[in-house]
Amino acid sequence: MFCLLAAMAVGGIMTVATMVKSVVLVVDGKQIALRSFAGSVREVLGEAGVPVGSGDSVRPAGQEQLVDGTRIEVRHARPIILTVDGRTTQHLVTATNVGDALAELDISSAGGRLSAPPGRNVPLSGISLSMYTRREVYVETGGVRMATTTTGRTVREVLRQRRIPLHRGYRVRPPLDSFPSQGTVIRVSPPPPPHTVVVPVAVAGLNWAELARCMSNGNPLAVNPAGPYYGMYGFSLPMWAAVGGTGLPHTWPAEEQTYRAQLLYQLVDGRWQGQWRECGSRLFG
């Protein structure tokens with residue numbers, strides 16, 4: 001009888017032993033070795049006090065049966081507020097560092113500028129990141145256009161990188177604090193020559209916008225190589241100089257070009273046919 005009871009006891013111990021499973025639990029990269037009687041992944045997580053919520057990643061899935069040697073990986077979701085080139089979006093990621101979080105969002109930071117290093121930890125409370133991508137923009141000054149590659153946040157920063165000085169009175173378009181997106185053309189113009197000649201009301205009141213539409217589709221940057229002619233009103237360089245213009249006409253804003261066109265009209269005593277033969281009649285439309 002004693003032997004029978006002993007055999008039953010040993011058999012019970014062996015049965016219990018076979019029910020215990022060795023489990024490796026990895027929570028947000030931290031590894032824990034456990035022994036558990038749980039029958040499923042969900043049960044062992046409950047035993048270990050590991051909460052699982054919406055957006056969290058659990059592998060294998062919670063309903064999976066637990067077997068000896070099971071490795072369970074839990075990654076808790078964490079919020080990221082991501083601003084790329086000035087545009088802000090919100091995301092949930094399970095990655096624990098910045099580099100992996102961007103990879104999870106399928107965003108490449110190669111060549112760009114990040115507000116935090118790729119190895120920076122992303123806490124459960126979340127993180128705010130800014131990224132500026134590598135872009136090609138153009139800087140135009142003195143009639144010369146230069147291509148430049150930048151991660152600059154503002155037009156001002158691009159000009160600083162190119163070592164282009166901003167003297168008093170110089171005009172910059174787009175504005176210095178604006179964001180230079182891919183393909184942006186940054187134009188730096190010196191102050192215009194003084195407007196010492198008064199334009200009579202009768203001349204200023206002519207339809208200059210319609211003349212510009214006829215001559216260049218109203219484009220201040222227009223260049224016609226046939227003359228060559230420049231700007232909204234098709235100035236030749238001699239005529240531009242004759243009315244006090246400096247540099248190239250199309251490098252100046254529309255207001256300056258219109259002022260010089262009005263001076264040209266006065267210079268020729270209103271005989272527009274010699275200057276705008278095909279379009280001059282539009283002044284009176």
**Study point:** Solvent-accessible area per residue for the chain (1.4 angstrom probe, square angstrom)
**Key:** 57 Å²
Check your understanding: How big is region 29-143 on each of its three principal axes, counting only the C-alpha atoms and giving the largest first in Å?
Key -> 80, 22, 19
Review point. Based on the Cα atoms of region 200-260, what semi-axes does the equivalent ellipsoid have, where each is the square root of 5 times one gyration tensor eigenvalue, given in whole Å with the largest first?
Key: 18, 14, 9
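Suppose we keep just the DSSP beta bridges with both residues in region 120-213; what percent of those would be antiparallel, to 5?
Counting DSSP beta bridges with both partners in region 120-213, the antiparallel share is about 70 percent.
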Study note, to complete from the structure: Within the chain, excluding any trypsin sites (Lys or Arg not before Pro) found in a DSSP loop (not H, G, I, E or B) and having at most 11 other Cβ atoms within 10 Å, the longest uninterrupted segment runs 1-162
Point to revise | Estimated D of region 91-164 in µm² per second, where Rh is the Kirkwood radius over Cα pairs and Stokes-Einstein applies at 10 °C, 1.306 mPa s | key: 112 µm²/s
Check your understanding: For region 100-213, what number results from the quotient of the Cα radius of gyration and 2.2 N^0.38 Å?
Key -> 1.61
Review point. Can you list the chymotrypsin sites (Phe, Trp or Tyr not before Pro) in region 90-172 that are in a DSSP coil and have 15 or fewer other beta carbons within 10 angstrom?
Key: 170
Practice item. Keeping the other protein chains in place, figure out the carbon and sulfur percent of the accessible area of the chain, with a 1.4 Å probe. Key: 55 percent
Exercise for review: Tell me what the chain gives for mean residue ellipticity at 222 nm when only DSSP H runs of n ≥ 4 count, each as -39,500 (n - 2.57), the sum divided by the residue total, rounded to 500 deg cm²/dmol.
Suggested key: -7500 deg cm²/dmol
Check your understanding: Once amide H atoms are built 1.01 Å from N in the peptide plane, which residues 5 or more positions from residue 73, or in another chain, come under 5 Å H to H?
Key -> 26, 59
**Study point:** region 164-232: radius of gyration and largest Cα-Cα distance (Dmax), Å
**Key:** 15.9, 44
Practice item. Determine the distance separating the Cα centre of region 158-206 from the Cα centre of region 250-285; give it in Å without decimals. Key: 21 Å
Review point. Rg and Dmax of region 150-285, Cα atoms, in Å?
Key: 16.8, 52
**Study point:** With 10 Å bins from 0: P(r) over the chain, alpha-carbon pairs, percent
**Key:** 6, 19, 16, 13, 11, 10, 8, 7, 6, 3, 2, 1, 1, 0
**Study point:** region 49-115 and region 129-148: distance between their alpha carbon centers, rounded to Å
**Key:** 34 Å
Review point. Share of antiparallel DSSP beta bridges in the chain, in percent to the nearest 5?
Key: 70 percent
**Study point:** Space enclosed by the convex hull of the alpha-carbon atoms of region 241-283, per residue, Å³
**Key:** 78 Å³
Check your understanding: At a Förster radius of 51 Å, what calculated FRET efficiency corresponds to the Cβ-Cβ distance of residue 145 and residue 24, to the nearest 0.05?
Key -> 0.25
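The values are calculated or read from the model by the stated rules, or taken from the named source; none is laboratory data. Keep in mind it's a predicted model, so treat the numbers as computed, not measured. Here Cβ is always computed from backbone atoms with ideal geometry, including for glycine, and neighbour counts include all displayed protein chains. SASA here: full protein model, heavy atoms, side chains in, ligands and nucleic acids out. Shrake-Rupley method; radii C 1.70, N 1.55, O 1.52, S 1.80 Å.
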